[in-house]
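Colleague: The structure is given below, and queries will be raised subsequently.
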Amino acid sequence: MSGSRFIRAALVGLSALSVSACVSLLPESEPVSVYRLSAPQPAELTGDHWTVVEIDVPNAPRGLSGDQIAIMRNGSSLAYIAGARWISPAPRLLQSLVIDTFNANNAQLAPTRADDGVRADYELRLDMQEFEAIYDRGEGVAPLIRVRISARLVAEQGRQFAGARVVTAEARATNNRTSDIVAAFDDAAQAASREIADWTASRAATLAN
């Protein structure tokens, strides 16, 4: 599918607030374009004393847990862009972006995944509450992308709660085309990831003093 074609959505007839099942109405034979989020340039981690943060795969409602690119229509109907997919399920896509953002910030925080087998100082638990394009100005008009993530930081020593924050980032697509919508997802997701990384670094520094 060309990046310049207007999006078509396969509507899921369920409220976005209580999605219990997702049914794609796309024909199996339709060609699929695959999209990824861009990653910030990593910085070299220097020094001898690093704070290791294990970044979990974000929890997500079922309607946002797959690799389909979600949109919100009429304020309550969750739908998906036809013929387009994320390169991996959205929660894992977001986890990778947060890890890349930590690596780019070079704030003496070393991000890891659970399967790395590294003993962490903190665990960052994320809930992906919104990750969708919202047609707030009507269909056919460029949508607003909203990324909302709840973050909780837990100190591994003593399993103590170290802080919580809800981060929301928005970006409006320049046109109602898949490529422009994905670019706006990229902007919003990167802004949210930077805020999470900065907040985590600030909390870790405060708790270390």
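The values are calculated or read from the model by the stated rules, or taken from the named source; none is laboratory data. The shown structure was predicted, so the numbers you read here are calculated from the model rather than taken from an experiment. FYI the Cβ positions are ideal-geometry reconstructions off the backbone, even for glycines, and counts take in every protein chain you see. To get the accessible areas, we keep the full protein, side chains included, count just its heavy atoms, and leave off ligands, DNA and RNA. Shrake-Rupley method; radii C 1.70, N 1.55, O 1.52, S 1.80 Å.
Colleague: Accessible area of the range 87-209 with a 1.4 Å probe: how many percent of it is carbon plus sulfur?
Modeller: On the way: 2310 of 5470 Å².
The C+S portion of the solvent-accessible surface of the range 87-209 is 42 percent.
Colleague: Restricting to Cα pairs below 8 Å that are 6+ residues apart, what does the relative contact order work out to for the range 116-156? Please round to a whole percent.
Modeller: Details: 60 pairs, mean separation 20.4, N = 41.
Relative contact order, the range 116-156: 50 percent.
Colleague: OK, next. Per residue of the range 197-203, in order, report the coupling 6.51 cos²θ - 1.76 cosθ + 1.60 (Karplus, θ = phi - 60°) as ³J(HN,Hα) in whole Hz, putting x for Gly and Pro.
Modeller: Along the range 197-203, the couplings run 5, 5, 5, 4, 4, 5, 5 Hz.
Colleague: Right, something else. For the range 51-209, what does the accessible surface come to per residue with a 1.4 Å probe? Please give it in Å².
Modeller: 42
Colleague: Could you work out, for the range 57-139, what percent of all Cα-Cα pairs fall into each 5 Å distance bin, beginning at 0 Å and stopping at the bin that holds the largest distance?
Modeller: 3, 13, 20, 20, 16, 12, 8, 6, 3, 0
Colleague: Kindly rank 50-59, 123-132 from highest to lowest mean number of other beta carbons found within 10 Å of each residue. Present the calculation step by step, with values, prior to reporting the outcome.
Modeller: Working: 50-59: 18.9, 123-132: 21.1.
Ranked by mean Cβ neighbours within 10 Å, highest first: 123-132, 50-59.
Colleague: Net charge near Ala133: determine it from the other residues with C-beta under 11 Å of the C-beta of Ala133, scoring Lys and Arg +1 and Asp and Glu -1.
Modeller: Numbers: positive: Arg73, Arg146, Arg172; negative: Glu130, Glu132, Asp136, Glu170, Asp180.
Cβ neighbours under 11 Å give a net charge of -2.
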